[in-house]
Structure formats: structure tokens, C-alpha cells
1. Where does region B:36-190 land on the Kirkwood hydrodynamic radius, alpha-carbon pairs, in angstrom?
2. Step through the residues of region B:401-409 one at a time and calculate ³J(HN,Hα) from phi using the Karplus curve (6.51 cos²θ - 1.76 cosθ + 1.60, θ = phi - 60°), rounding each to whole Hz and writing x for Gly and Pro.
3. Can you tell me which of B:489-496, A:485-492 comes out highest on packing, and rank the rest after it, using the mean Cβ neighbours within 10 Å?
4. Residue by residue through A:447-457, how many Cβ atoms from other chains fall within 10 Å of the Cβ on average?
5. Take the alpha carbon atoms of region B:188-218, find their center, do the same for region A:447-477, and report the distance between the two centers in whole angstrom.
6. For chain A, give the magnitude of the charge dipole about the Cα centre (Cβ charges: +1 Lys/Arg, -1 Asp/Glu; no others), in debye to the nearest 20.
7. Once the principal axes of the Cα atoms of region A:576-654 are found, what is the range along each, listed largest first in whole angstroms?
8. Can you tell me the alpha carbon radius of gyration of region A:1-48 divided by the globular rule-of-thumb value 2.2 N^0.38 Å?
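Only the coordinates and a few stated rules stand behind these numbers; no lab work does. Here the structure is a predicted model, which is why all the values come from computation and not from measurement. Here the Cβ positions follow ideal geometry from the backbone for every residue, glycine too, while neighbour counts run over all protein chains shown.
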2 protein chains.
Amino acid sequence: MDFEIKYKDARGRVGTLKTPHGIIKTPALMPVIHPGKQTLPVSDYGAEVVITNAYLIYKNEDLREKALTEGVHKLIDFPGPIVTDSGSFQLSEYGDVQVSNREIVKFQEKIGTDIGTSLDIPTPPSVKRERAERELVITLKRAQEALEVREELMLNSVVQGSTYPDLRSECAQKLGKMDFQVHPIGAVVPLMESYRYQELVEVVMSSVTHLPDSRPRHLMGAGHPMIFALAVAMGCDLFDSAAYILYAEDDRLLMPHGTLKLENLYEMPCSCEVCTSYTPEELRQIDKEKRTELLAIHNLRVSFAEMRLIRQAIVEGSLWELVEQRCRAHPFLLEALRSLKNYSVDLEKYDPPYKKSAFFYTGPESLNRPEVYRHLERMKRIPFSKSVLLLPRSSKPYSERLYEVPQKFYSIGDVVENPLGDMQVTVVDVPFGIIPLELDQVYPLAQNESPDDYDEDSIKMVNGVLQEYLQGFSQIIVSEGVAETFGLTVNDEYIFPEPLKIMVNDHKRIKMIADYQFGTGAGEGLFNEEVKIVKSRKTGKIRHVYDGDELIATLRASDGVFVMAKEGARRLHRYLPYPKNRVVVNEDAEPFAREGKSIFAKFVINCDIDIHAKEEVLIVNEQDQLLAFGKSILNGREILDFNTGQAVKTRKGGL
Amino acid sequence: MDFEIKYKDARGRVGTLKTPHGIIKTPALMPVIHPGKQTLPVSDYGAEVVITNAYLIYKNEDLREKALTEGVHKLIDFPGPIVTDSGSFQLSEYGDVQVSNREIVKFQEKIGTDIGTSLDIPTPPSVKRERAERELVITLKRAQEALEVREELMLNSVVQGSTYPDLRSECAQKLGKMDFQVHPIGAVVPLMESYRYQELVEVVMSSVTHLPDSRPRHLMGAGHPMIFALAVAMGCDLFDSAAYILYAEDDRLLMPHGTLKLENLYEMPCSCEVCTSYTPEELRQIDKEKRTELLAIHNLRVSFAEMRLIRQAIVEGSLWELVEQRCRAHPFLLEALRSLKNYSVDLEKYDPPYKKSAFFYTGPESLNRPEVYRHLERMKRIPFSKSVLLLPRSSKPYSERLYEVPQKFYSIGDVVENPLGDMQVTVVDVPFGIIPLELDQVYPLAQNESPDDYDEDSIKMVNGVLQEYLQGFSQIIVSEGVAETFGLTVNDEYIFPEPLKIMVNDHKRIKMIADYQFGTGAGEGLFNEEVKIVKSRKTGKIRHVYDGDELIATLRASDGVFVMAKEGARRLHRYLPYPKNRVVVNEDAEPFAREGKSIFAKFVINCDIDIHAKEEVLIVNEQDQLLAFGKSILNGREILDFNTGQAVKTRKGGL
Ligand SMILES: [Mg+2]
Ligand SMILES: [Mg+2]
Ligand SMILES: [Zn+2]
Ligand SMILES: [Zn+2]
């Protein structure tokens, strides 16, 4: 299989899929081409791959002859990758097709399709469970049969199971174990047509979580740009659009924020060549055929622009922001977005912990983002002090704005000892809840923005976080503002025994960052009391940590986390028990790893399943000897599942 | 003054502004043209009006000569409307200009500017109040002076006052009384540059609320499409963009969702000719001059597309939805959007009560929309029954989904009498809170969508609404779901004395709609017990109400409100006290009104200040004789302020 992931954000991937007729850049939109009557040169408008219907070719004598003798690429006059569908759509529409599964698979191979499809049963949403189960058995049998028939053909195998998440998962898991190249998620068009986006989320999530990460997923029949960003964030890589032409025929314009009817247009809505050359009135006057063509061009332009914008968002790490904007297009999309909170645990594993762009709070849904869940989980890695002082938000980074600290405090419970001896100072803020001052420069705790005017969901969420967090301390002091804003019940005003001077201890800071980044105790393992901390002359921020002359690690300025030097890698390796943070390579790769060459997925024989993309990882052999260290490109599951592409960008070998 | 409003939404207006060199369609974006070095033919990319700097022309001998002899249109090679700035920008940048106010105003008149500007003092944000006051005096003096000097020249007069809302209001009010044609809102660039959008909202709202509605407002220096939708929704009509070229020179791309740096681009983000012809890498390789030109074209295309989209949104009544999407571009824009709740009373007066498009809930901010505030205010027009039954949301319209009514109820307080005799059935839903079943087809109570999964702000808001509403009833019964969802404290389970059968009484329905639409008692005034109700055969919904053979009113299917017939107008006129719902025309217009001709604003001598746009209004003479009736195009304040354009589209005269 020749699918590779280049960039990741949320569950989305920017990747490449190799086919006999060329490489597809994913996420990709595949315009649907009718084999008999294609008119629009879709590649002129951005198509790099198209999809057409093998069953329609098969059924029409002329088309069949031409396809068999000259190939499907000649037939539809498209030189790039062609995906063919098998007639399942006709099966779902008309209840019957005049071809067998074996026959249509063989046919697709013969006409030179790049990626063919077996004849699955597209079980619609909301059917009785019994029917969904019965049809699933047939779908799975046909998948097996298709494999037996095909020779070189790359094959789609469609995930079915109606709206039963467990059936979707079961189907995905079984198909994932067979030798398919792409997995469409089928029979979701009725959900999209009736705005049942929340159920769409259930279907997609229960499928993708059980499909191999190393194969692209195709959300079948999804051709409206409204849905692209959300679907990509859930892990969909391919989309097909008949919508561009169907909507055009119906005088409707696709937009990422919805559909516009030409009859209601007062102005043209985008910057494409159609919208900048015609007024709505002019378009309404043009004859039907030409008008359909022009609207189809607009629809393609808008759809491809959206796909490019999504790829751009993945590369820069702003896909969640784009999704959250797009999901305002319809309240049921917002509902679907809100339902992603049910998948936090899974999404957190795929979402990279460090991104180029800041975390923007766009509403209560942002509270459910993986970054927030991850932060609260990682906070559990940090040991508690005896006392805690809770401060309100200020500008960021908080520890550089301590002159903004208010002067009125309250105690919660008794404060009998002087707290200043062993006191954790923690800022309370939305959306991350609790931010120890020592972590205030770690991504995304510094690199986020949210409105000053908190919404009720934020207040409730932070209140819940505080209730749990405060149980770890025996003495609690809270600023007046925090207590009021987040509804904490306080005792008396608390007056500190000496003037409050808050300082962040550098040693405590580096240890806490290491614990937060690698797990409880990692700070102790990396940095003993003797380490030397070197700060930037310009910014005054910690840059390097040395043991004598030997560099242990560098604190990366852009996101405030540690990048290992050789000594740091050795210490981490000593401290973290196998297989924690390890990527284990086979014997063949060992010499390359030692030389500092990057690690390809096919050489990896084991790894820590909990590794995220963009994390600092240790590269070891089967005997757990440290060979090198580097930055993961994929997460642990992906590293294990992939057999192509890079898994780790090695920083240094020779250890 | 030749400014006319054609369509309205929120505080936004689609209008036309006549100038000596052509008509400007507003909201409009005016690209800034440097008089000495314009290269890009901005009209090719959508510009219908441009702005240039009269001071720069004045100061340069060559330019001045050419402008004085050939005119500014020839000088910058633009045949359409040209606005000129006076040097205030230079004053704010360099603290000094070498021209007097009188001189620069005269100069602008001489070179044939369409709209000139006096030399105001652009007081920056956050200066000491004393300075803001002192400079405001000068600004006002110069405004007066400019009027004395000008002959035919249309004149801008800039609202200043720094970040003091009361000074902005004072300035706006004083300038509004003088004979200016356009009002820029000045010195806001520093706010936009530092993302101080909430303060921008304060400045703009405190200005527009005190400016005449009949003059366009220009948000000076606002050239980033991120801000256009919000600014238009607050009542801004004109924007100028130097950003298109400045950002291009700096290798940055404008987008409605923010700014992209070319160096970070992996894909081109839009569907313009630049984004569809080049890859980011190709653009990075092109020489600086050509690259700047291409990026400037993208920036113009995106900015004009956004402006068209905004005009489209106003026409279809979806401007709030667009604003709420755009304000997710940055958390401080979201904060600004949230701060609009401070202006609900004002916004409600301008926002039309009936729109072509549905109300889409996009987040807690939607709770602050004028539609919600208006509904809760209009609910006060409806008399209370003895008992109330609260039902949970179902599909809409609720009264057609009564089979979904749950079966478990609780009482709040005592229910001693059989409630079924005089019971109001009210649905509890987000975002409108309380919807009597009788109103369930009135816009926007039927024409809205919101997620099933309520956020905490919605719950809190509805709880507050219920607390107040329930005080009007002596017996309260509530479904289990409503009590649980909205945190109502209930007594015992309530079992109805007979099986609950909910039916909506047609007479109660039409009276309640009339009360809701026109005020308490209007239902009684329009429809006595003898009226005949005629329903649609197809839909079963009420269509017409007759008195014998005489049509009183028609219930409009699209939005469920009454449109008067002659008899209805007569009854409303008898029932509603002067000047309620009246537009009073002068003697000249009386015969035209009687003939059913539409009413132009210049003939209106008085009107009910509380009229909204798109409402049913009575057209009377000074003796309050009913002449005609129709639909308002403007609201009461606008009707009084305007002297051009239509005020009322007359339905029928001859009364
Ligand atoms: Mg981001
Ligand atoms: Mg709407
Ligand atoms: Zn277009
Ligand atoms: Zn572009």
C-alpha cells in the first residue's frame, strides 16, 4: 500500500496515495464523472482524481466495448487516477443490479481502473437491526470474494452497518484485516440529505476508530463543502462530488456555509471566475445548458478551494478552528460538533500536542477539544504541594504579568501553617482550567486566546476541574476574583503572614515541564539539583539545561517543551521503563538509526502505543539499547500500522 | 442627500449613494489609491469607488498642477466616484500637516472630488479625557468651517472622541445636525491593529446610534475582511482598504477568517484567479513586484467577495448568521460579538422582525440576537390564562407534533382547580424560551433551528425567562423533561382529571397572533367572535379571516403573521390610538396615498417611532384620516430622518 501521512491535525491527515496513474494528494475531492456524458473538463478546475461508475459502463454495450479495448482512462478522457464504483448505488436506488460481484470486480480490473470497488450492500440508515446484520454478512462475503478475484487492482471495501455503531465497528475491523487499499464509509447520503449530522458523526467515528490508520477512508457521497472540514477532522481522506453538477442542474450554488439558490441571489458569493464575471441576473438569463456549466464551475472552484483550505489548516495546526467555524453553517452541524465530546479519548491520541498555530477558543465546543482533555490528563502527572494559591487570568505568559496579581484573597478550609514554604501558584483560566505558573510557557497554555467574557459552560467546566484539583492540597488560598467567577465557597479573607512575592523557581519549572511532557518523575530523572540552567540573554527565558558542559536538553522557545540532547535521551532512557516513549526498530534498521538517519515505519517492530505525533521519542533495538532519538511524525498506533513512509525524524544517532 | 436604503438586516443596510460621478452600491469597499503611484487597475477587480489622499496631491507640485487642471479623476485614472481624505492620517502619523482646513477643503472642491473631507483631529484611543475633549472642540470647529467654505462638494465629517463613548456620541450628534453627506468614524485603526474589537464595538455603536440614519457611515481604515460583517451589522456602510496593497507588499493574504503569510502557505486558500493559477511555492519564487501585484489581486478579490456576500446576507436576512460565523475568526472578535448584548434595545429597533431566511442558533451569542429580545418583549402583550402547561420542544411547528407530547407531568405550587378550562399550553425551547402553542407558526418561532444539546447559557437564560413568565399564572403544570432540563423545582406528579387532549383554538390563535404583532388588545379589535376563519385546503392552516364576505386579514403562510385587507386596516385604525402604527403624510402626498401609490420618505411628516421595517402600517393624514395601508421599508426613525427613497410600500389605498 502506498499511502503516506505527511501532516496531521485532529484526526485529519495530509497525505499521498500512490496509484498506477499518479499520486493523489489527500484529503482529496473526486468529482463524479458520468461515463456516457461528461462535458466539463474537471481537471481544469482542480481535479487530480475522479470517480466514475463501472456498472454504468458495464451495462452499456458501447461504453463497455470502448472501455475494454481502450481502457477507462481513454473512455472518460482523464489521464490521472480513476476510482470506479461498482453499482452499489444503483442497488440502493433500484434494489437490483444485473451483474455479480465477481464479474464487476473482474471488469474493473480489465478496464484499467486505478481503484475498484466490490459490490457491497448499501444498507440505509435506521433499518431494523436484523436487516443491517443480514446485509452486513453479504457485504463481508463479497469483500472476501473480491479479494479472491482481483489480481493487481487496488480495491475499495465499503464499511456498512446502517446506523448501528457496533455493526460499523465490526465491519471496519473485519475489512481492516483483509488486504484492501481504501475504505469507503457507505450509505451515509440519506443522513447528510436530512441534516442528521450527529448520526453521521457516530457512523464515521465508529468506523474510522476500527479501520487501519494506514489506509485512506472515503466518505462516500459527501460532496458538499459544508461537511468537508468536520469529516476530515474525523479522519476522512477522500470525498466524491456529484453535488457540483447535480446542484448546478438545479440552479444551486455550493458554499462552505451552505447552499444558495440562484433565484434568491442578489450578489455572486465568491471570488471564482464565474462569480467575478457575471451578476446573478445575467446568469439567470443565460440558457440552461451554459448556466449549468457555469454553476458547476463555481461549485467545483468552491469545493476545491475548501479542500485546499483544509489541507492548509492541517499543515498549520488550525483544523479545529476551521471545523468550529464551518459547523456554524447549520445548527445540526453544531450539534454534531458538540457530539465529538464523546470521542475525546480517541481524538486526543491522534491530535498532535504541539502545533504551529495558537489555540483559539470559538465557543463552548472548544472546551471539548483534545488539547483541553490532554492538559487535564497531563496535570495528573504533577505532584501536589502542601498549599495552593489560585490566581485569576492575566495576559500571557502569566508569570511575566505578576504585577497584575490582585491583593485580596480568601481561604477555603483552614490555613494554619505559613503556606509560602511549599505553595503551588496556579492560574485559573478558560479553557485550560488550571495552569501552574511553572507551565505557563508550554504549548498551548501560553499559545491560546479566549474572550474575557466567560460563557456558562466554561464556568461550569472550570468549577468542576477546580473541585477535583483542590482535593490534592491541604491548604487552599484563592483570589477574590477566582472565587467569585467560578463560584467557589470561601471562608475568611486570608492575609499572608509576609508580603506576597511570587517567583517561579527555575529548577521547579524545568522539572514540572518534564513531568508534564514525559510523565511523573521524568523531571527528577532528567534534572538533578546540580544541573545548570542557561537563559536567553534577549528574552530571559530558560533555553538550555546542562550537566557541567554536557547539554541535557533545550527548551524550545516556540512551544516551551524540551527537545533532548544526547545526554537527555540517555537519562530519559534510563528513567522511563520500556516501552515508554520507545520506537523499536529491527536489526536491518539499527545501523541507519545509529547514523542518525530517519526511521521508516516498515522497520519498526514495536513501539509505545501512547506516543503522539510530534513527541520526543527514543529509538531502540529489540534489546532496548538506545540507538538514537528523534521526533515522531505519526502516533504509536499509526507507526505500528503503517508500512510506508517516515515514522520518526531522527535528531541524533550514535548513542 | 442622495442616500437610499433598499434592504435592511440587523443594523446593516443595502443602499445606494448618488455622487457626481456615479452611484455607489453600499456596503462598499473603497480601495485606497496612492495618487502618485497607482499601478493596479482596481476597477477590474470590483472597485466601484476609490479613495485617495488630497493632501498628498496638494503637497506634490506635479500632482497638484495636474489635479487642478485636469481633475482628480484624470489624475488617478478612475472615472467613477472618488472620495478624498484631507491629511488627517498624516496629521496622526507625523503630528503636523502643512495646509489649513479651509485650504484643503477648497482644494478638494477644485480638483473635482466627489466626496471631500475636512481636516479633523484623529484623536487616538485611550488618550486622557482632557485631550480627547480639547481635540474634539477643534474637530467640530473645523467641521463648521468646512461647511462655510464648500460650495457644491459633498462632505465627509469624521466622528472623533477617542475611546470615550459619550464623546463619540456627542460628536456624532453635533455633526449629524450639520449639513454633511457622509460620516466617517475615525481613529479606530489602532484598535483594529491590536485586536481591541470590543472597544471598536463601543466606539462604533456610540457613534452610529447618534448619527442620522439617512447618511452613510464610513469605518475609516477598516480594510480587513475579518471585520466587515460585524461592522456592517452595526450600521457601517463604507470601508476603505489600503490593506489590500500593504498586506500584499508584506507577503500576506487577507481572508475573512484571518491573515495568512505566504511563507507559511502550503496551499492557496481561495478560488480567485491567483489562487487557482499558482501554487504557494510558485508565488514565493516570483519577483517581488509581480508577486505583490498578484497578492494584491487576491486581497481585492477576497475583500470584494466578502462585501458581496454581506450584501447578499442582508437581502436574504441572514446577516446575523454571517456575523456569528465571522466572529469565530479570533477570540477577541467573539468577545466583541458578545458585547453586542449591551445594545439589544437599539438593535431591536433596526432589525426587521420578518426575514426570508430562518434563524440559526450558532452558540450562546445567538441568545442576544434582537429576535430573542423582541419575542420576549412581545410576549408581554399577551394576556395570561389561569393555568399554564409547559411542554418540551418537539419538531416544529409544535402544534402539529402533539403526538410527541410526553405523559409525565408535575405541578409547581398547588393545582386545585381543573386546569383544562383556561389553560395556556406553552412550549419551552431554545433560544426563544417560551412559545405559546398559538404562536408556533409565527416568524421566527417556527423558522429557527438549534442543537438538541443545550449549552449552559441557554439553560440559564430559559430558566430566567420561565421564572418571570410563571409568575403570571396561578396554576402551573410542567412536563418532566422541562422541569429537569431547565432546573425547575416541582411538587408532586400531576395527573390530569381527564385524558389530556391538546387542541389549539382557532379564534384564540388569531387573536393571540394579532396581539403579539400589534399590541395588547389588537386581536380583540380586529377579530370579534363572529369572524369567519378560512383554512387552506392543502395545508389545513389558517389563511384568511372574514367578517361575512369582507376579508379582514390574511395570515401570510411564509411567516405566520397578518397582512391587512381594507377592513383589517380600518379596524386597526379604530383600535390603535394615534400615532401607533401610523405613517403621517402631508397634503401633497394625500391623493397619491389614496390611489395606493407608495409613500416616499420626503412626504412623511410624522410617524410612530416604534415602527419596524417590514411591518404593517397605516397611512394617515394630519387629521389621522386613514388613507391607505402598507408595509414599511424603513423603521420609524429612518422614515423620519430620510428625505429620499421609499418609506412604505403601499398595499391598498382608497379607504
Ligand atoms: Mg490553532
Ligand atoms: Mg437567517
Ligand atoms: Zn463562485
Ligand atoms: Zn485567492
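1. By the Kirkwood definition, the hydrodynamic radius is 16.0 Å.
2. Whole-Hz 3J(HN,Hα) from phi for region B:401-409: 10, 5, 5, 8, 4, x, 10, 10, 10.
3. Packing order, densest peptide first, comes out as A:485-492, B:489-496.
4. 6
5. 34
6. 1300
7. Here the spans come out as 28, 25, 19 Å, largest first.
8. 1.40
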